[in-house]
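Just so it is clear, none of the values below were taken in a lab; they were calculated from the coordinates. For clarity, every value in this text was computed on a predicted model and none was experimentally measured. Heads up, the Cβs are rebuilt from the backbone with ideal geometry, glycines too, and the neighbour counts pull from every protein chain shown.
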Amino acid sequence: MKTYLLLVGLALIMLAGQSCNKFLDVKPKDIVIDKDFFKDFYDADYALRGAYAGLQPLIESMFVTGEMRADFVKPGPGVDTNLLELAEHRVTATNKYTNWKVYYDLINRANYLIKYIPRVPNDAINFTEDNARQYVGEALFLRAFAYFYLVRNFSHVPLVLTPTDSIQNIEYLPPSPENVILDTLEANLTAALTMVKDVILIRQPNLNLAESPDGRRTRGVTGNVNCLLADIYLWRHKYEPANAAIQKIYNLGKHNLYGSAAAANFFDIFYATDHVSEPIFHINFNYNFRETHPMMMLTSDDAAWGGKYMIAPADNIAGYWDNKLVQSGDTLRLVGDVRGFGAAWVGTRPYYNDFYSGNKVIWKYLGLGRILPSKLAIMPPIRQPYRSDAIWQGYRFAEVILMKAEALNRMGDKAGAITQVNRIRSRYGAIDVIPVTVNSTTEQIEDYIFKERARELAFEGKRWFDLLRLARRGRPEILKEAIKTRMGIVRYNALNMESKLADAANWYLPFNAEEVKLNPYLR
Amino acid sequence: MFKINPHSAVVAVCILSLLCLSNKVNAQKKKADEIKPDVNPILIPIPSSEPKVELGYLRVKKSNVSAAVSVVGEKSIDELMAVSIDALLQGQAAGMQVTNVSGAPGSGALTTIRGASTLHAGTLPLYIVDGIPVKTYRFINPLGRNVDNNPLADINPGDIASITVLKDAQATALYGMRGANGVVVVTTTGGTAGKTYLDFSAYSGIISAPKQLAVLNADEYRDYIIEKETARGLSQSEITNGVGRYLLMMTPENQLQRYNNNTKWQNEVLGNGAINNYHLRLRGGDAVAKYSLSVGYTNQAGAIDNSKYERFTARFNLDYKVNRRLTILNTIAYSHGARNVVDEGNVPETNPLYLATLKSPVLTVWSQDAEGTNLSSVDSADYAGKNNPYAVVNKMKNINSSNRIMAGITGQYILSPFLTISSGIYADYIRLNETRFRPGAGFMPEEEIIRSASENNSNELMLLNENSLQYNRTFEKHSLNVFVGNAVQTTSQRNEFAMAINSPSDEFTSISATDPQLIDSISSYEPDWRLMSFFTGANYAYKERYLLGANIRADGSSRFAKGKQWGYFPSVSAGWRISAEPFFKAKKIINELKLRVSYGLTGNQEVGYNGAYNALVPAIYKNQPGVRLGALGNPDFTWEKTRQFNAGIDVLLLKRISFTADFYIKNTNDLLNYRKLAGTTGFDSYVVNDGSVKNTGVELTVSGKVLKKKLGWQTQLTVAFNKNKITSYPQGEDPTENYGYYQTSAAPGSAIGAFWGYNALGVYSSTDEVQVKNGVNNVHPFQGGDIVFEDVDQNGVIDEGDMKVIGNSNPDFFGGFSNTFSYKNFDLNIFVDFALGREVYNAQRASLEAMTNYDNQSVKINDRWRSNGDVSTMPRFLHNDPVGNTRFSSRWIENGSYLRAKAITIGYNIPTKETRKAFKNARILLTAQNLFSVTKYKGYGAEVGSITNPVTYSIDYGNVPQLRAFVAGIQVGF
């Protein structure tokens, strides 16, 4: 009896011991452990999309750093200290916008893709070698996109080219100088051009592959890569390569300028994309999936829309487009550039149609249609409250044309430059008198090009970087003039802007205090 | 292939040797017919001559105990009428510090045994009820903000026979990775052989609303706001056209009635509550089967209108002796609880007590027409953005319902007179359903959300199998007890949450009534974990004089990375019963004198579930699935470890007075912490185990019958003193933790739960007195009427360098003092509990005396500084406070020490002569609970806790305090 019990007991214990090791292996349900991932092409797809999702948090920083320090916007009544410091060029190391975490998050996701996509097994139907290269190319594009913003804002930043995918390989690097980073970006993007496709093909229900315009607008395809490359070349004063890159976009033949003055459909670009062939690179949002950005909070003056009215158009904004109200019979008609009142900026809430309103509001992120000036209480075509999901225009064809003009001008082809700019102007009934001719100086033509850029791309996060580009070309007085115009002479002098802006280091943001504390190389 | 686990091999060898040993010994002795197990590993009490102390896996004679434990008997439990057992233990066990979270019905407490020993991990002790390790940690993210859905409230205190608190390493090391915070072993009442007993008790009482805080009335409020607006520099016309419209300055005719009221909002939300508790227990049995059936019903209505707790419990215990060798012990309990909760903590929009004190008195509950007649709809949110407190309490739906089953079945088989094997299966299943509806009427919209309906369903199932083998033998001079066993446990939890917004009207309160487009969020959370253990131990007593104990437990937990899952937790103890020595002559007076020491290692595995892994999380783009690397894992992630040394002395004097003192040193290291990462890595931080804390303390328990004759006097005093010190913190990390409105510091040298802020010394009576700059740039200089902050680093600037430790949540001394006087059939019990040396952050007062916006304020602001030369303790008013007078400082930290008459009970035992025919015994009693409190605290009540921050928990945002109650009850036994 006793021995029998003994043996039974022993057997039970042995059995318990055998399954022991498996028992404590509990697979978590809320996360996926990284070593279980990248097993097939679906995983590669998800990781790619996860990297693109990293673009969405960048909007606030891109807009604020791209506009606040320049002359098209001013601090609104609801402004906070962070924005005010930027507007007055006295940014401290604790300013919210010196925190670059959102950029490095995107960079880390891109680095992760670059490292791990090659590990996904290839598959003749779903994931060929070509597809793998394409994904890596797109990751290179995303990484370059983030770094280019960092370089334009900080001038020199740590160049992180490997992902942080384990606590063993956490590396803190000293900042690399600007030209090293930009050289790397140029090399990466040039390589990416050989890896990505011209278009994105989607499998249709009938199993054929068809081109997806939405895919072309939102992912890294050759058009977008060339845009970014051209932007970098222009930043570095490399005009021939810039022109070559843009010519490649022209040769694709996928884009053209949308609309006409007669149809008055300029504003369609900002909310309806299906029939509009102008956009080149977009970052998309959708309130229904709670993918939103804070632009409504920043620019709207209506608290019912969640607007805090932190950023408003500068006071003398109407003059940029030569807008005027003209009495024509019973009605008021707006003359001048249609890209101004009703598209870029409007009057105050709730109808937004008062041309003479003291409070002006940026319209590109609020509106769903063009506003016509009126004294009547007409409900505006405005997005619904809190639905802050306007598209972010990364690059659009109008900007590409103007970039070509800029490159041609500096290459000496003045006639070519002027022709390019006129393509833009003729679209929207801008002033007929063209202020420059082939006999004007390069600088004069350049001024004309940049004024056109400001009018076309108002409030799209480009203005400050344009001014900075000019300043880097040896023309800092334009930057100073612009700021002086917006701030007013009194404030300009009170803040000692003249001497401050004379030092090129002050055109960039300081490193964030917390970052410096954690990464001693940044001191 | 068969892979033999090393632990199971060891256990196998142990079992083999035990069986062999037993075999040999048995063969020499004659077989006894009557086989009576001496000690049971499982836990239904069996009456025996000498009282046994419940140690969880063992039950040992009191004289042989060499561990530090506190026993709380049935008498102490029954008449306290606490709703849950954690609140019940306040002041009852020396060293166990209990802080009630709030006085809301169904709320529980935060318990710490021998000091706080963690910064970020779990803080609660392990509760074992009849062998079942019950769920004590609350489900995270309750729908009622900061509400305590206390799982321990599911256990009816009326079912309990005794509670033992295990404090030192010798007792808790047997619980391995779950034992570092101490263990509480609860035993419920079992059956008896022979007679059948039926006990019934009923209590009913009134709970009174707390004393209201004094706030400004409508006139005082108007004067204060207008004066403040003028001081801001606004012109008279700006004021009249601005906030003046609401203050009867040019208020339009048709709105006059809305703004000319004088409402005491605290009256609108507070009221008296009631408590009813019924309990019925039937027990009996015979030599074969002993059973006990308890049924209980409690309902409690709280001081805030529409808050209540209702509970129904049923418990059945059965001891069934199948034959001479085999006994089956069975316990099953069902509990159903329903709560109507109100939000607590830092949610000024929906915490009724907090909101009621800040709401403008010029408004009133109902919308009114032009003549001032109340309409049927509530007044809407006001000019200061505040909701209508009446609507918050009466129109918001915040309902929880929980169902729970706890069951255990154990088989004990007596192999030989000295060898018993037992095997048990235990389960604990809890299901909590929460529903919340926040209507539009009376509420301010939150962004685009006008009204919202949410639901949260959580459930958790715990299954445990424990097997053990016990060998007990008493020889002439020696007695030996050896045991070995193993356990496997699996716990799986599932939480699901859904929220829908903007249903068509306030009548549509469920999620299904909302357009599916408006489903705002859905999420789920499913942590699962498993534990596998092997344990063994031995207790040896020589001549009942020299005691030795040793045990060790090996725990493997699935929370940690492979290869790092197993931990070993040994402990040793020794005891010396001096009173049993032949040279000890004073035995008549000192009946019992025992010295004991112990040392051991325990662990705390409540450090999360996924710390060891690199985690990929969803990252959606254009509503299509994507992933990203969301968190970095640390493969060395491990449990927190505690080493504890204990020395104690037990004395029994004159057979009546017993005295126990313990001294302990507890060192915890490998604290769960976070290492911050620079932004260039793309991550914020990752988990590390780095940091250590030391708790040193002394506990004292004195109890006894002082007088025994006609006037009886029984007394019990428990007191503990604990000193907590953080001994190390990760290199290079900032020990300050910022919670937004307050900060704590975990710097080496300070204690856990230390508030970190500025030291406010007073108020400048004139601007000439100011000698420091306000921040490096002095953008808003200090002037007369501003707070004097201490310049700690003496650099002439008040900035972060001047922050220091300004208080601590944990008390230095705490305990309870209970005295029972009896005369003939009457008795009077006075139970006082106290906690001294603790501070509370009175966040409610920080809002009531801020003077920065349009909220209503405390009457104390009438004493404020107004002009140069004024001497006051209240600074000047300052809209939006650019100077920072309201910053987190000692201005808001108050002395939270208190001494409270927790229960004063008068009882009368109806003499048996008169009731012999009807009842066996009958008792009537009257109790006053929380009758008075001696404290300097200025808020509603000094005792507050926080579910969301159990480490620095004394943060008072208008928590419901411990409420005064008057209860009458009867107990009858048939």
| Estimated vicinal HN-Hα couplings, Hz - the range B:632-647 in sequence order (Karplus 6.51, -1.76, 1.60; Gly, Pro = x) | 8, x, 10, x, 8, 3, 8, 7, 7, 10, 10, 10, 10, 10, 9, 10
| request: With label points built 7 Å along Cα→Cβ from the Cα atoms of A:Thr81 and B:Asn862, find their separation and express it in nm. | output: 3.6 nm
| Length-normalised contact order of the range A:177-228 in % [C-alpha pairs under 8 Å, at least 6 apart] | 33 percent
| How many partner chain Cβ atoms sit within 10 Å of a residue's Cβ in peptide A:504-516, on average, as a whole number? | 1
| request: When a/c is below 1.5 the answer is rounded, else prolate if a/b is larger than b/c, else oblate, so apply that to the range B:687-837 with a ≥ b ≥ c taken from the square roots of the Cα gyration tensor eigenvalues. | output: oblate
| query | Considering the dipole of chain A built from charges on the beta carbon (Lys and Arg +1, Asp and Glu -1) around the Cα centre, which of A:Ala504, A:Ala390, A:Thr348 is farthest to its positive end? | reply | A:Thr348
| For B:Asp768 and B:His478 in the same chain, what is the full-extension length gain: residue separation times 0.36 nm, less their Cα-Cα distance, in nm? | 96.2 nm
| Where does the charge balance sit around B:Ser201 when Lys and Arg score +1, Asp and Glu -1, over other residues with C-beta under 11 Å from its C-beta? | -1
| query | For the range B:263-364, which trypsin sites (Lys or Arg not before Pro) are in a loop by DSSP, counting at most 11 other Cβ atoms within 10 Å? | reply | B:Arg324
| remark: Counting only residues 5 or more apart in sequence or on a different chain, those whose built amide H sits under 5 Å from that of B:Val788 are B:Leu761, B:Gly762, B:Val763, B:Tyr764
| said: For a test of the definition: using alpha carbon positions, the gyration tensor, and the 1.5 limit on a/c, classify the range A:110-260 as rounded, prolate or oblate. | reply: oblate
| request: Determine the sum of side-chain charges near B:Glu790: Lys and Arg each +1, Asp and Glu each -1, restricted to other residues whose C-beta is under 15 angstrom from that of B:Glu790. | output: -3
| remark: Averaged over the residues of B:609-619, the number of partner chain Cβ atoms within 10 Å of each residue's own Cβ comes to 6
| task | Just need the relative contact order of chain B here, percent rounded to a whole number, with Cα pairs under 8 Å and 6+ apart. | result | 12 percent
| field | Dipole magnitude of the range A:404-493 about its Cα centre (Cβ charges: Lys, Arg +1; Asp, Glu -1), debye to nearest 20 | value | 300 debye
| Using modelled backbone amide H atoms (1.01 Å from N, in-plane), which distant-in-sequence or interchain residues come within less than 5 Å of B:Leu707's amide H? | B:Trp713
| message | Once you place label points 7 Å from the Cα toward the Cβ at B:Glu496 and A:Glu443, how far apart are they in nm? | response | 7.1 nm
| note | Nearest-0.05 FRET efficiency for B:Leu700 and B:Ala538 at R0 = 30 Å, using Cβ-Cβ distance, is 0.50
| query | About its Cα centre, how strong a charge dipole does the range B:759-912 have in debye, to the nearest 20, once Lys and Arg get +1 and Asp and Glu get -1 at the Cβ? | reply | 700 debye
| Mind listing the phi-derived Karplus ³J(HN,Hα) values for the range B:188-201, rounded to whole Hz, using 6.51, -1.76 and 1.60 with θ = phi - 60°, and x for any glycine or proline? | 8, 5, x, x, 10, 8, x, 7, 10, 10, 10, 10, 10, 9
| query | Lys/Arg Cβ at +1, Asp/Glu Cβ at -1, dipole of the range B:744-833 taken about the Cα centre: which of B:Gly775, B:Gly749, B:Phe813 is farthest positive-ward? | reply | B:Phe813
| What list of ³J(HN,Hα) couplings, whole Hz, do you get for the range A:280-289 from phi and the Karplus terms 6.51, -1.76, 1.60, once you set θ to phi - 60° and write x for glycine and proline? | 9, 9, 10, 10, 9, 9, 7, 4, 4, 9
| Cβ-based charge dipole, the protein assembly as shown, positive-most Cα from B:Ile409, B:Pro961, B:Ser360 | B:Ile409
| said: Run the helix sum for chain A: -39,500 (n - 2.57) per DSSP H stretch of 4+ residues, divided by residue count, reported at 222 nm to the nearest 500 deg cm²/dmol. | reply: -14000 deg cm²/dmol
| task | Using packing as a proxy for protection, rank A:447-454, B:804-811, B:387-394, A:37-44 so that the peptide with the highest average count of other Cβ atoms within 10 Å comes first. | result | B:387-394, B:804-811, A:447-454, A:37-44
| field | Helix-only mean residue ellipticity at 222 nm for chain B, each DSSP H run of n ≥ 4 adding -39500 (n - 2.57), per residue, nearest 500 | value | -2500 deg cm²/dmol
| field | Inter-label distance, nm, simple model (7 Å from Cα along the C-beta direction), A:Leu325/B:Val322 | value | 9.6 nm
| task | Let me know the shape class of the range A:22-161, please: from the alpha-carbon gyration tensor, a ≥ b ≥ c as square roots of the eigenvalues, rounded when a/c is under 1.5, otherwise prolate if a/b is greater than b/c, or oblate. | result | prolate
| Cleavage-rule hits (GluC sites (Glu not before Pro)) in the range B:471-547: DSSP loop, at most 10 neighbouring Cβ within 10 angstrom | B:Glu476, B:Glu507
| said: Sort A:282-290, B:585-593, B:127-135 by packing, meaning the average of other beta carbons within 10 Å per residue, with the highest value first. | reply: B:127-135, A:282-290, B:585-593
| Across peptide A:145-156, how many C-beta atoms of other chains are within 10 Å of each residue C-beta, on average? | 0
| field | Gain upon complete extension [A:Gln168, A:Asn316; 0.36 nm per residue less C-alpha separation] | value | 47.8 nm
| query | Just how large is the dipole of chain B about the Cα centre, in debye to the nearest 20, putting +1 at every Lys and Arg Cβ and -1 at every Asp and Glu Cβ? | reply | 5800 debye
| field | Ordering of B:631-644, B:512-525 by packing [mean C-beta count within 10 Å, highest first] | value | B:631-644, B:512-525
| query | How about the range B:820-927: which trypsin sites (Lys or Arg not before Pro) there lie in a loop by DSSP and see at most 10 other Cβ atoms within 10 Å? | reply | B:Arg916, B:Lys917
